[in-house]
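K.L.:
Okay, handing you the structure first.
The values are calculated or read from the model by the stated rules, or taken from the named source; none is laboratory data. Treat the numbers as computed from the prediction; the structure is a model and nothing was measured. FYI the Cβ positions are ideal-geometry reconstructions off the backbone, even for glycines, and counts take in every protein chain you see. These accessible areas exclude ligands, DNA and RNA; they are computed on the full protein's heavy atoms, side chains included. Shrake-Rupley method; radii C 1.70, N 1.55, O 1.52, S 1.80 Å.
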Amino acid sequence: MTVTVWLSLFLVCLLGAMSPGPSLAVVAKHSLAGGRANGFATAWAHALGIGIYAFITLIGLAVVLQQSPLLFKSISYAGAFYLAYLGYNAIRSKGGVAAKLESGEQTTLMQSAREGFLISILSPKIALFFIALFSQFIAVGSDFASKSVIVLTPLIVDGLWYTIITLLLSSPKLIDKIRSQAQLIDRLSGIILILLAIRVVYTV
């Protein structure tokens with residue numbers, strides 16, 4: 001895997017992690033309710049679920065795509081549509097990032113970790129996103145090192161992103177700035193996702 005290809009993979013994973021949704025709401029809730037320890041537990045349990053999803057998706061697509069190139073194109077187009085859908089929703093969002101930063105009742109570290117794991121492993125949105133993601137990068141290489149990078153990159157990016165969210169939630173001044181720029185963040189993310197969707201269509 002070249003550095004350029006990995007940077008593309010990194011960017012897609014980062015945009016996926018940054019996309020406002022139930023995962024952000026859960027991490028924010030546990031961070032604000034229980035503090036940094038609960039936020040970290042939620043973040044990395046969520047990342048573990050992402051890593052498991054990445055591994056399962058990689059194995060499944062590897063078998064299917066070897067037998068059906070037509071299905072590969074179908075999945076790619078479906079992935080492009082989903083990325084465009086995410087981008088459209090992000091652009092239309094009214095303060096989506098800020099709306100997800102909400103508090104809740106304090107819970108134990110185990111409860112925080114369990115909820116973080118379940119919100120990633122049971123989310124249809126994440127399942128569809130991984131179809132879009134791996135339909136583009138699964139053919140990069142068949143060696144163990146390339147497959148390991150493809151699986152570990154979303155896991156680590158997801159864990160680090162939600163670790164940053166947890167740290168930000170401990171600083172009221174920074175959170176106020178995020179809230180004030182929520183619409184701009186949503187719109188920029190939306191534009192990038194739509195551009196990625198266009199790229200998928202023209203490269204299949």
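K.L.:
Just one of THR4, THR42 is among the hydroxyl-bearing types (Ser, Thr, Tyr), open to solvent by less than 10 Å² (accessible area, probe 1.4 Å) and in a helix (DSSP H, G or I); which is it? Reasoning before the result, please.
P.N.:
On the way: THR4 fails: open to solvent by less than 10 Å² (accessible area, probe 1.4 Å).
The unique qualifying residue is THR42.
K.L.:
Just one of ALA62, ALA33, ALA37, ALA28 is surrounded by fewer than 16 Cβ atoms within 10 Å (Cβ to Cβ), assigned to a helix (DSSP H, G or I) and at pLDDT below 85; which is it?
P.N.:
On the way: ALA33 fails: surrounded by fewer than 16 Cβ atoms within 10 Å (Cβ to Cβ); ALA37 fails: at pLDDT below 85; ALA28 fails: surrounded by fewer than 16 Cβ atoms within 10 Å (Cβ to Cβ).
It is ALA62.
K.L.:
Scan segment 9-24 and give yes if some residue there is touching an Asp or Glu at 6+ places or on another chain (Cβ under 9 Å), at pLDDT below 80 and open to solvent by 40 Å² or more (accessible area, probe 1.4 Å), otherwise no.
P.N.:
There is no residue in segment 9-24 that is touching an Asp or Glu at 6+ places or on another chain (Cβ under 9 Å), at pLDDT below 80 and open to solvent by 40 Å² or more (accessible area, probe 1.4 Å).
Let's see how each residue does on (1) modelled with pLDDT under 80; (2) basic (Lys, Arg); (3) touching a Ser or Thr at 6+ places or on another chain (Cβ under 8 Å); (4) crowded, with 16+ Cβ neighbours inside 10 Å:
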| residue | (1), (2), (3), (4) |
| --- | --- |
| SER142 | yes, no, no, no |
| LEU155 | no, no, no, yes |
| LEU169 | yes, no, yes, yes |
| GLN181 | yes, no, no, no |
| ILE185 | yes, no, no, yes |
| ILE198 | no, no, no, no |
| THR203 | yes, no, no, no |
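Condition check ((1) open to solvent by 30 Å² or more (accessible area, probe 1.4 Å); (2) at pLDDT 75 or above; (3) in a helix (DSSP H, G or I); (4) touching a strand residue (DSSP E or B) at 6+ places or on another chain (Cβ under 7 Å)) across all residues:
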| site | (1), (2), (3), (4) |
| --- | --- |
| LEU70 | yes, yes, yes, no |
| GLY79 | no, no, yes, no |
| GLY87 | no, yes, yes, no |
| ALA90 | no, no, yes, no |
| THR107 | yes, no, no, no |
| MET110 | yes, yes, yes, no |
| ILE126 | no, yes, yes, no |
